[in-house]
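Novice: Pasting in a structure now, in structure tokens, and then I'll have a few things to ask.
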Amino acid sequence: MLIWIVRIVALIFLIWFILPIFKGFKNHGTRLGVAMCLFVLLFLTNTPLYNLTRSFCLSYPLLAFIWKAGKVALIAFCVYAFAVTIVMLTASLIKPKNNAIAITLGIRAEKHGPSTLLKGRINATKRYLNENPDTIAILSGGKCKKDYTFEAQCMYDELIKMGADSNRLIIEDKALSTYENILFSKRIIEAQNKEKNLAIVSDRFHQLRARLIVKKLGIKSHVGAVNSKTAFLYIPTYYVREWIALPYEVLFRVRPHR
């Protein structure tokens, strides 16, 4: 019975990971998610392929060692994925101080306007500005290869349509990564000598990585999270993507000068 429950859950998630591809969303989270689901379906539910592979590997000392090491690595990865997801959600619960400067992190802009995720961040920015009338929002995002327009300009245009005050919006249209979003916004804040408490406007899955970058940049002020509503379809894809992005962010990403 338990095996069938695992199979059904894996199949549901496999479909959940595949569906965004038909909307034009495909990233490392999609690939890893599909691979994990197929691995569970083919190997971890006592299938004939699993039993055959296990018998073959255990027949040779070296392969037996690799098999056992793989099991340990799999358990370690599951523990990591669970733990980092909890930390991601915890980071998204940190509230910003009143009237902290908002930095809205850009994401894909499409031909017809903002993507689903970008639209969510625009709505969250508008809500935050309404709740904090004495602050501003820096709209950060350049034009990546997949963008049809500058992400910051797209956010600005949409916010103006929604009735936002243009005097409370600052466009930062050079950033091509989360690191540059925060770095270039930091420079704007310093140039204007403004209060440095920050509110990061993004999806919940993105808040932990943004906070790590804030720490790397040596920003000492309080940083809170303003969470946009992530479309249900994209939740697993982007959370799994962060499982990869977070250690890469910490260990490998090369930084431009501050």
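Novice: Failed condition for Asn181, given (1) buried (at least 21 other Cβ atoms within 10 Å of the Cβ); (2) more than 16 Å from the chain's Cα centre (by Cα), with all others met?
Specialist: Every listed condition holds for Asn181 apart from (2).
Novice: Quick check on region 176-192. Is at least one of its residues assigned to a helix (DSSP H, G or I), without any contact (Cβ under 8 Å) to a residue 12 or more places away in the chain and more than 23 Å from His206 (Cα to Cα)?
Specialist: Yes.
Novice: If you don't mind, there's one more thing I want to ask. Of all residues in region 5-55, count the ones that are within 30 Å of Thr230 (Cα to Cα), in a helix (DSSP H, G or I) and aromatic (Phe, Trp, Tyr).
Specialist: The number of residues fulfilling the criteria is 5.
Residues are listed down the side, and each one gets a yes or a no for (1) touching a Leu at 6+ places or on another chain (Cβ under 6 Å); (2) over 20 Å from Val87 (Cβ atoms):
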position	(1), (2)
Ile182	no, no
Arg187	no, yes
Gln192	no, yes
Leu198	no, no
His206	no, no
Leu212	no, no
Lys215	no, no
Val223	yes, no
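Novice: Hey, another quick one. Restricting attention to region 158-172, and to residues there that are within 16 Å of Gly113 (Cα to Cα) and touching a residue at least 24 places away in the same chain (Cβ under 8 Å), which single residue is surrounded by the fewest Cβ atoms within 10 Å (Cβ to Cβ)?
Specialist: Out of the qualifying residues, it is Met162.
Novice: Continuing with the same structure: Taking the conditions exactly as written (outside any helix (DSSP H, G or I) and without any contact (Cβ under 8 Å) to a residue 40 or more places away in the chain), does Ile213 satisfy them or not?
Specialist: So Ile213 fails the test.
Novice: Being over 15 Å from the mean Cα position of the chain (by Cα) and buried (at least 20 other Cβ atoms within 10 Å of the Cβ) is the filter here, so list the residues in region 95-114 that pass it.
Specialist: Matches in region 95-114: Pro96, Ala100, Ile101, Ala102, Ile103, Ala109, Pro114.
Values in this text are rule-based calculations from the coordinates and carry no lab data. As the structure is a prediction and not an experimental result, all values here were calculated from the model. With ideal geometry, Cβ positions are generated from the backbone for all residues, glycine too; neighbour counts draw on all protein chains shown.
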